[in-house]
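One structure is given here, and the rest of the page talks about it.
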Amino acid sequence: MRIIYAVLIAVVGSAGLAWAGLRVRPSPLAPASVEGEEWSTMPVPSGLPAPVARFYADLYGDEVPVITSAVISGRATVRIAGVTMPARFRFTHRAGHDYRHYIETTLFGLPAFKVNEHYLDGQARMALPTGVIKDSARVDQAANLALWAEALWFPSVWITDDRVRWEPVDEVTSVLIVPFRDMDETIVVRFDANTGRLRYLEAMRYRDANDRQKRLWIGEALSWRSSPEGSVADAALTWFDEGTPWAVFHIESVVYNADVSEYVRQDGP
């Protein structure tokens, strides 16, 4: 009986220690090793659906920045196998073409698991703690949607890239049409009726390489705020069938228009 009690105490103690470790917020990643450059601007095009035109007018005015790249850094919470863990991250985009994601979950503020994801030249490669996933058409489709949805953090690309177009739905909803190989993909974009700011991005997306059908994937802009680099929004990601966000990203810095041609192909932060 004493042995059983000892085992129970050890299990409870370990669980308590793990819980305490998950409560510690990590320090930010070191600053990105790239420097942003000045950007040019272009007029907001005419003929946009009403809620889209309102959004851009409120966010930028009459001229929008031409963004060629973005390096987004911050801290997050990420749910893995049912456990929500603190994390820090850096997402690097060559706008509308390539990205890499670096996510580092932590325990007691120290690195626990590291994720390196790339979407380069239309091909996705995910280096996860459980192994590497690549050469999957389903993962490529999901990654392409992420490429365009994450332009939430530099939304001018949705009107400066001539491969993208908007279609009207109603006074608070529009459809964003983005390219994927020789076809189009659609993202339903919903705007706040009061503020005019973007609120939700919704798309049908494969969750993993083994999915037989697409699932509804929802990106939510939690808050918009001004920064020296421009207006940015924290964001939450939810699979509709799960009901609650699996990831929440808090943006702490953004570097725009750096030369990321090599940086986007690296691993790590």
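Each reported figure results from applying straightforward, stated rules to the coordinates on display, with no laboratory input. The structure presented is a predicted model; accordingly, all values stated were derived computationally and were not measured. Backbone-built Cβ (ideal geometry, glycine too); neighbour counts: all protein chains shown.
What is the set of long-range amide H partners of residue 206 at a cut-off below 5 Å, with H atoms built 1.01 Å from backbone N?
Placed amide hydrogens put 142, 215 under 5 Å from residue 206.
Efficiency by 1/(1 + (r/R0)^6): what FRET value for residue 259 and residue 239, r their Cβ-Cβ distance, R0 = 45 Å, to the nearest 0.05?
0.80
Going toward the positive end of the dipole of the chain, with +1 on Lys and Arg Cβ and -1 on Asp and Glu Cβ, which of 237, 175, 43 do you reach last?
237
By how many nm would the segment from residue 46 to residue 186 grow when fully extended, if each residue of separation counts as 0.36 nm and the alpha-carbon distance is taken off?
On the way: separation 140, 0.36 × 140 = 50.40 nm, distance 2.12 nm.
Full-extension gain reported as 48.3 nm.
Among 77, 30, 155, which residue has its Cα furthest toward the positive end of the charge dipole of the chain, with +1 on Lys/Arg Cβ and -1 on Asp/Glu Cβ?
Positive-most Cα among the choices belongs to 77.
Determine the gain in length on full extension of the stretch residue 23-residue 35; use 0.36 nm per residue of separation and subtract their C-alpha separation, reporting nm with one decimal.
1.0 nm
Nothing charged except the Cβ atoms of Lys and Arg (+1) and of Asp and Glu (-1): what's the magnitude of the dipole of the stretch 116-269 about its Cα centre? Round to the nearest 20 debye.
280
Report the charge-dipole magnitude of the chain in Debye, nearest 20, computed about the Cα centre from +1 at each Lys and Arg Cβ and -1 at each Asp and Glu Cβ.
Once rounded to the nearest 20, the dipole reads 1360 debye.
Quick one: putting +1 on the C-beta of Lys and Arg, -1 on the C-beta of Asp and Glu, what dipole do you get for the stretch 215-269 around its Cα centre, in Debye to the nearest 20?
Charge dipole of the stretch 215-269: 120 debye, to the nearest 20.
Which one of 112, 222, 126 has its Cα pushed farthest toward the positive end of the charge dipole of the chain, where Lys and Arg give +1 and Asp and Glu give -1 at the Cβ?
In the chain, that residue is 112.
Hey, for a label at residue 226 modelled as a point 7 Å past Cα toward Cβ, could you say which residues of the stretch 44-70 have their backbone N under 18 Å away?
Counting only backbone N, you get 55-65.
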